[in-house]
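I have placed the structure first, in the form of structure tokens, so that the comments after it can refer back to it.
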Amino acid sequence: MSFLDYLDKTVVASKYFSTDEMEKIYNLGARHFGENYVTGLLTKKEKLKDHKDIKWHLIGHLQTNKVKNIINEIDYLHTLDREKLAIFIQKYRNTPLDCLIQVNLEENPQKEGIFLKDLPEFVRTIKKYDKINLIGFMTIGAIDDDKKTDIIFKTLNELKNNYHLQVTSMGMSGDYQIALKYNSDFLRIGSLFKGVI
Ligand SMILES: *Cc1c(COP(=O)(O)O)cnc(C)c1O
């Protein structure tokens, strides 16, 4: 099996790609594209506007001062990680937005995301905001550590089930097979597409 067999659950991490290259990936069958930066997403969405069936995901950290410009242009936010962001989404978003809470399961203070111990309270907090439709959790594996990544992805899948949510977003070019083992709903794959376009 190749990663291309999972295109229906792949969010193409398109930060490496021009819109011409994204068009090639689209022609392979990908319909979910994820950008890390607000400006990148807006420019690429405008250039690819004829493809109305593309779903746009924001997969990078979102600063509150950018919320107003982007929040009605996306279909999914993978990086909800603080209440201040929720307050801004509540203020500027027109209809409920499908959001995933980024969870920092590596407990690495250098990384973004909610720690496991703070998750129950954060989920409760988020439920106050009706412009946020919490659909699941997102995480990033441990770099070059498959054993750790295995535990992280297993935990994220358990969290999804415990909270009765619908999706996990986990697995990148180097660890998507581990993510599949734990039933990942959204793989976020970038680099591997360089080899097929
Ligand atoms: C770049 C990126 C990916 C994809 O990484 P690859 O290793 O190139 O597949 C996934 N998630 C996030 C948040 C990214 O920034």
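Only the coordinates and a few stated rules stand behind these numbers; no lab work does. Model, not experiment: these values are computed from the prediction. With ideal geometry, Cβ positions are generated from the backbone for all residues, glycine too; neighbour counts draw on all protein chains shown.
Annotation: the chain has a Kirkwood hydrodynamic radius of 16.9 angstrom, from the mean reciprocal C-alpha pair distance. Pairs spanning more than 22 Å between alpha-carbon atoms, out of K55/K127; K15/K111; K84/K128; K117/K154: K55/K127. With R₀ set to 41 Å, the beta-carbon distance separating D146 from D118 gives a calculated FRET efficiency near 0.95.
Near N72, once Lys and Arg are set to +1 and Asp and Glu to -1 for all other residues with Cβ below 11 Å from its Cβ, the sum equals +1. Across the stretch 161-170, computed HN-Hα scalar couplings (Karplus, 6.51 cos²θ - 1.76 cosθ + 1.60, θ = phi - 60°) run 5, 4, 8, 6, 9, 9, 9, 10, 10, 7 Hz from first to last residue, x flagging Gly and Pro.
Normalised by the number of residues in the stretch 1-121, the average gap of Cα pairs under 8 Å and 6 or more apart makes the relative contact order 17 percent.
Local charge for H51 was computed over the other residues whose Cβ lies under 15 Å away, with Lys and Arg +1 and Asp and Glu -1, and equals -1. Positive end of the dipole of the chain, charges at C-beta (+1 Lys, Arg; -1 Asp, Glu), about the Cα centre: which of L192, L48, S2 has its Cα farthest in that direction? Of the options given, the answer is L48. Note on K66: aspartates and glutamates with a C-alpha under 19 Å away, same-chain residues under 8 apart excluded, are E35, E46, D75, D81, E83, D98, E112. For the chain, give the share of DSSP beta bridges that are antiparallel, in percent and rounded to the nearest 5; count only bridges with both residues there. In the chain, approximately 0 percent of DSSP beta bridges are antiparallel ones.
Charges only on Cβ, +1 for Lys and Arg, -1 for Asp and Glu: so what's the dipole of the stretch 70-197 about the Cα centre, in debye to the nearest 20?
Numbers: 17 positive and 18 negative charges, 68 e Å.
Once rounded to the nearest 20, the dipole reads 320 debye.
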